[in-house]
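A short write-up of the structure that comes next.
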Amino acid sequence: MICLVTGGWGYIGSRIVRNLLDKGVEVVVADASEINAAARQIIGEEGLQKIKFWRIDIADPLQVFAMVGDLKITHIIHTAFVMGAIDSGRSAKAGKAFSLHPGKVMTGELDLGKSLRVNCFGMLNILEAARMFEIKRVTYTSAYAAFGTAIADIHPGPIPDEGLFAPDTMYAATKITNELMARIIRDRYGIETVGLRFGRTYGVGGPGGFPQLIRRVALGEPVELADPTYFNSYTYVDDCADAHVYIAMSSAPCQSVYNVREQEYTNLDLVNAIKRVHPDASIRITDAKGDGVRVPHVETSGIFRDTGWKAKVNLETGLRQMMNHWRAEARLPELAPS
């Protein structure tokens, strides 16, 4: 097995690489950038010595085809995409309307061409390479964002794996496009493509304001959270990586896409979990309505039914790992399990 991981230096990709190496899999990393400090720490120097790295423009078909063909890739895990947030002060007025975080706007919402080029043309190139070189399975990252923030108004019940879509961001539109392309390639050419949709994938180094909130709590800073009823679907980043690797290596027949999560939690659940991990935490919750991204209730039983995969890390354990990371940096005592 020779597994290509696109976006292999990223938040999720680097953990996928580490997981594959731990299983003795030969790994090729494709990324637009040289390795960063976070990926180096996650993978480790010993692991990096075992990796083949290709710096690549994922939207260039010739580069992708040459890499997949020359290196005799057998499996692909595709995580490369454009989403990252930037300061809204640099954004156009139209871009601010699409902000998924207070004071932030996603780069893909400002540069629509780049979003389409990297997210969709990149995915198309991966699918074409899989067809040309008879790749056994393509596992790729999707997101609940594909459903759109207003989907609950249209469909109040849990959203099935098959999906109901009302996208309201370019990011969401590209995720839907990728899912449709993957399904067409699967049905037309028999290439195994499996998409994994995630909600809030949390952990150290993650996007958005959530990691910084947990960091402040860990270091004893006062934090206020709004809207106890707001909910999201949580998956710890190590479980996210594990799901990709598990599906990539599985011989079980899979459907074209799965909703994935550990569990759905409200903000009140989150605060209670924080207090169980860190009883002295200075955190309070108010009844004010927050501005978190609206997400739908989803049905997630399919992936366990078909493959046996389920998340290992619950919210409390994930929060403890995050807090202890920052407390170790600050030379504060470790928070032990109760």
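The values are calculated or read from the model by the stated rules, or taken from the named source; none is laboratory data. Everything numeric here is computed off the predicted structure, so don't read it as measured data. FYI the Cβ positions are ideal-geometry reconstructions off the backbone, even for glycines, and counts take in every protein chain you see.
Only helices (runs of 4 or more DSSP H) wholly contained in the range 35-88 count here; list those with 2 or more residues that are among the small types (Gly, Ala, Ser) and under 19 Å from VAL204 (Cα atoms). Give the steps one after another, and end with the answer.
Numbers: elements: 37-43, 45-48, 61-70.
Qualifying helices (runs of 4 or more DSSP H): 37-43.
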Of the residues THR169, THR201, THR193, which is closer than 20 Å to ALA80 by Cα, among the β-branched types (Val, Ile, Thr) and at pLDDT below 90? THR169
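Scan the range 167-190 and give yes if some residue there is part of a helix (DSSP H, G or I), in contact with a Lys or Arg (Cβ under 6 Å, 6 or more places away or on another chain) and either over 30 Å from GLU334 (Cα atoms) or touching a residue at least 60 places away in the same chain (Cβ under 8 Å) (or both), otherwise no.
Taking the range 167-190 as the starting set, the residues that turn out to be part of a helix (DSSP H, G or I) are 170-189.
If we keep only those that are in contact with a Lys or Arg (Cβ under 6 Å, 6 or more places away or on another chain) as well, we get 189.
Next cut, either over 30 Å from GLU334 (Cα atoms) or touching a residue at least 60 places away in the same chain (Cβ under 8 Å) (or both) only: 189.
Scanning the range 167-190, I find at least one residue that is part of a helix (DSSP H, G or I), in contact with a Lys or Arg (Cβ under 6 Å, 6 or more places away or on another chain) and either over 30 Å from GLU334 (Cα atoms) or touching a residue at least 60 places away in the same chain (Cβ under 8 Å) (or both), so the answer is yes.
Scanning for something surrounded by fewer than 22 Cβ atoms within 10 Å (Cβ to Cβ), within 30 Å of PRO279 (Cβ to Cβ) and in contact with a Gly (Cβ under 6 Å, 6 or more places away or on another chain), does the range 217-228 turn up at least one residue?
Taking the range 217-228 and keeping what is surrounded by fewer than 22 Cβ atoms within 10 Å (Cβ to Cβ), we get 219-228.
If we keep only those that are within 30 Å of PRO279 (Cβ to Cβ) as well, we get 219-228.
If we keep only those that are in contact with a Gly (Cβ under 6 Å, 6 or more places away or on another chain) too, we end up with 226-227.
Scanning the range 217-228 turns up at least one residue that is surrounded by fewer than 22 Cβ atoms within 10 Å (Cβ to Cβ), within 30 Å of PRO279 (Cβ to Cβ) and in contact with a Gly (Cβ under 6 Å, 6 or more places away or on another chain).
Looking for whichever is modelled with pLDDT of 70 or more, surrounded by fewer than 20 Cβ atoms within 10 Å (Cβ to Cβ), in contact with a helix residue (DSSP H, G or I) (Cβ under 6 Å, 6 or more places away or on another chain) and among the small types (Gly, Ala, Ser) here; the options are GLY113, GLY47, GLY69, GLY103. Which one fits?
Values: GLY113 fails: in contact with a helix residue (DSSP H, G or I) (Cβ under 6 Å, 6 or more places away or on another chain); GLY69 fails: in contact with a helix residue (DSSP H, G or I) (Cβ under 6 Å, 6 or more places away or on another chain); GLY103 fails: modelled with pLDDT of 70 or more.
Only one candidate qualifies: GLY47.
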With respect to ILE285, determine if the residue is touching a Pro at 6+ places or on another chain (Cβ under 7 Å), within 30 Å of ASP153 (Cα to Cα) and either surrounded by 16 or more Cβ atoms within 10 Å (Cβ to Cβ) or of a type outside the set (A, V, I, L, M, F, W, C) (or both). yes
The range 158-203, residues that are hydroxyl-bearing (Ser, Thr, Tyr) and farther than 19 Å from GLY302 by Cβ: THR169, TYR171, THR174, THR177, TYR189, TYR202
Would you call THR300 farther than 13 Å from ALA218 by Cα, β-branched (Val, Ile, Thr) and surrounded by 21 or more Cβ atoms within 10 Å (Cβ to Cβ)? yes
Condition check: modelled with pLDDT of 95 or more, closer than 30 Å to ILE2 by Cα and of a type in the set (A, V, I, L, M). Does VAL217 satisfy that? no
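Residue-wise test of (1) at positive phi; (2) of a type in the set (Val, Ile, Thr); (3) under 23 Å from the mean Cα position of the chain (by Cα).
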site	(1), (2), (3)
GLY190	yes, no, no
ARG200	no, no, yes
GLY203	yes, no, yes
PHE210	no, no, yes
GLU221	no, no, no
THR229	no, yes, no
TYR234	no, no, yes
Complete set of residues in the range 232-261 that are crowded, with 23+ Cβ neighbours inside 10 Å and of a type in the set (Asp, Glu): ASP239
In the range 139-166, how many residues are out of contact with any helix residue (DSSP H, G or I) (no Cβ under 8 Å at 6 or more places or on another chain) and part of a helix (DSSP H, G or I)? 5
Which residue, of GLU329, GLU299, is in contact with a strand residue (DSSP E or B) (Cβ under 7 Å, 6 or more places away or on another chain) and acidic (Asp, Glu)? GLU299
